[in-house]
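Here the structure comes first, spelled out in structure tokens, and everything after it is commentary.
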Amino acid sequence: MSSRIIPVPAFDYVVFGATGDLTKRKLIPALYHRFKDGQFDETSRIIGASRSKLSEADFQKTAREAIAQFVEKEYQDQAVIDRFVNIITYVPVDASKPEDSGDLGAALRTDPKIVRAFYLAVAPDLFEPIAEYLHKKKLYRRDARVVIEKPLGHDLNSSKAINDGVSKIFQEDQVYRIDHYLGKETVQNLLALRFANTLFEPVWNSAHIDHVQLTVAESVGAGTRGYYDESGALRDMIQNHMLQLLCLVAMEPPASDDANALRDEKLKVLRALRRITNGDVAKTTVRGQYRGVKSETVSVAGYQDELPEEKKGSRTETFVALKAEIENWRWSGVPFYLRTGKRMAERVSEICIQFKPIPHSIFDHAEGAPKPNKLIIRLQPNEGVKLMMMNKDPGPGGMRLRDVALNLTFAEAFNERTPEAYERLLMDVVRGSQTLFMRRDELEAAWAWVDPIREAWDRSTEPPQSYTAGTWGPSGAVALIERDGRSWYEGSLS
Ligand code: BG6
């Protein structure tokens with residue numbers, strides 16, 4: 001297989017927050033890859049903007065360093081890097097002090113055919129001032145695009161305030177809200193799996209599926225990011241990435257891949273989620289916080305050890321497990337178990353669809369009882385799809401049953417580099433495709449579901465359950481699923 005590169009129209013991409021971490025780690029490397037693959041050329045421009053008084057040469061140097069540090073060595077091609085940094089320029093901009101800012105207008109071209117995009121890689125309290133600055137400076141165009149990314153609020157009200165601020169200038173069809181999980185190839189493959197095959201759709205419902213598990217486990221810790229302690233796993237991962245995954249698994253087939261057709265279906269799922277209210281929180285949610293390990297061979301700091309003095313004693317959760325239920329015909333009675341955490345046993349994101357047991361077994365005398373089929377979709381790492389099926393163990397000695405995987409691994413099947421999420425998303429902005437971006441009502445529906453859980457936790461006197469770094473989370477998470485006679489799936493990494 002070889003991918004086809006479809007060039008995008010020429011653009012001026014202004015990146016606010018140009019000296020920040022996201023720009024260095026993700027945006028510059030992603031743009032470099034797209035340039036290297038020929039998706040755009042020297043007719044486009046990348047314009048870094050931030051409060052720092054850098055020169056164009058300074059910023060080009062930063063871009064070179066970002067590529068050296070964050071692009072895999074085998075893709076670093078000096079001749080391409082030289083051409084790429086040539087399309088990069090820099091303008092110092094302080095939206096609150098226009099008089100102190102450089103001339104961003106001079107860096108932008110006026111040809112209406114050149115796509116104009118503003119990526120706001122800055123704190124959300126700067127979204128509105130920057131939008132107003134662009135308007136005042138007459139840099140806003142009705143067809144310009146603005147890209148924003150989480151944290152888009154810490155609850156429903158703050159999220160509304162952020163959206164209201166941006167929408168004073170930009171209309172909804174100009175706003176691209178990134179959830180980088182939607183840019184992952186394997187997440188998009190969920191759409192292909194469900195809607196480009198006839199096999200699964202007839203059994204994709206409560207008549208055939210027993211339950212669904214979604215796991216996004218990270219082996220890294222929360223680190224020293226100040227933001228994390230304010231956020232916690234519920235806001236950092238469940239409200240956005242994991243609910244988006246749940247939507248893609250659970251939504252009805254949209255009529256087309258049109259952005260609104262797809263987002264309408266996701267929204268219906270979010271609105272059909274049963275509210276987890278105060279009384280249910282203790283039964284259906286578990287939060288945890290990792291503690292360190294120290295032995296002769298390992299030494300890993302606990303969450304508390306990583307916090308600065310003034311934050312010690314924080315009750316921020318680094319792990320969440322919960323049971324979600326979707327109240328509609330397709331999913332009634334099919335629980336969706338979600339869990340995510342830092343410092344877990346492995347880095348693995350996967351979806352496990354567990355089918356119902358066979359209705360009647362003819363293998364009473366066989367060794368090994370038939371196990372229900374499972375469809376396991378591995379989002380990362382070792383991307384792939386695995387179908388666990390019962391088979392006869394070959395050879396004499398009677399009927400022995402064994403579950404064996406029908407295994408599709410992307411590395412073997414496609415044999416090429418998997419682009420990073422940001423590559424796809426940055427180019428979709430230029431193409432004007434909002435399909436993989438969150439619409440305002442989706443974002444708000446997700447907050448509306450998450451808020452009561454957060455509020456109940458805040459009211460509770462119970463601290464998060466402690467779990468040892470390097471494990472699958474607190475015992476409460478095991479109990480949560482075992483109460484329903486089920487268990488977490490932990491076995492698809494090989
Ligand atoms: C981010 C979270 O959105 O996603 C991080 O803020 C988390 O805490 C990251 O580590 C996980 O993304 P990925 O692509 O590494 O799975």
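The values are calculated or read from the model by the stated rules, or taken from the named source; none is laboratory data. Just so it is clear, the model here is predicted, and its values are computed rather than measured. Because the Cβ atoms are built from the backbone with ideal geometry, glycine has one as well, and the counts that use them run over all protein chains shown.
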Query raised in the report: Identify, please: which residue in the stretch 298-347 is closer than 19 Å to Leu234 by Cα, within 16 Å of the ligand (Cβ to nearest atom) and not in a loop (DSSP other than H, G, I, E, B) and is, among those, nearest to the chain's Cα centre (by Cα)?
Result: Thr340
Requested in this report: Grab the helices (runs of 4 or more DSSP H) fully contained in the stretch 12-92, keeping just those with 2 or more residues being at pLDDT 95 or above and among the basic types (Lys, Arg).
Outcome: 28-36, 56-70
**Report entry** Near pairs, Cβ below 8 angstrom, 6+ apart or cross-chain, from the stretch 370-395 (farther than 21 Å from Leu246 by Cβ) to any residue that is of a type in the set (Ser, Thr, Tyr) and in a loop (DSSP other than H, G, I, E, B)
**Finding:** Pro370/Ser361
Query raised in the report: Do any helices (runs of 4 or more DSSP H) entirely within the stretch 241-297 hold 1 or more residues that are without any contact (Cβ under 8 Å) to a residue 40 or more places away in the chain, surrounded by 15 or more Cβ atoms within 10 Å (Cβ to Cβ) and in contact with a Cys (Cβ under 9 Å, 6 or more places away or on another chain), and if so, which?
Result: 259-272
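Here is a yes/no grid of residues against (1) crowded, with 17+ Cβ neighbours inside 10 Å; (2) within 16 Å of the ligand (Cβ to nearest atom); (3) without any contact (Cβ under 8 Å) to a residue 12 or more places away in the chain:
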{"position": "Tyr140", "(1), (2), (3)": "yes, no, no"}
{"position": "Leu152", "(1), (2), (3)": "yes, yes, no"}
{"position": "Ala161", "(1), (2), (3)": "no, no, yes"}
{"position": "Ile178", "(1), (2), (3)": "yes, yes, no"}
{"position": "Val187", "(1), (2), (3)": "yes, yes, no"}
{"position": "Leu190", "(1), (2), (3)": "yes, yes, no"}
{"position": "Asn197", "(1), (2), (3)": "no, no, yes"}
{"position": "Glu201", "(1), (2), (3)": "no, no, no"}
{"position": "Gly223", "(1), (2), (3)": "no, yes, no"}
Report task. Give me a count of the residues in the stretch 306-345 that are modelled with pLDDT of 95 or more, charged (D, E, K, R) and farther than 19 Å from Val286 by Cα. Result -> 2
Query raised in the report: Just wondering, is there one or more residues in the stretch 377-395 that are more than 30 Å from Val175 (Cα to Cα), within 15 Å of the ligand (Cβ to nearest atom) and aliphatic (A, V, I, L, M)?
Result: yes
Requested in this report: Scan the stretch 298-338 residue by residue and report those that are buried (at least 19 other Cβ atoms within 10 Å of the Cβ), among the β-branched types (Val, Ile, Thr) and out of contact with any His (no Cβ under 7 Å at 6 or more places or on another chain).
Outcome: Thr316, Thr318, Val320, Ile326
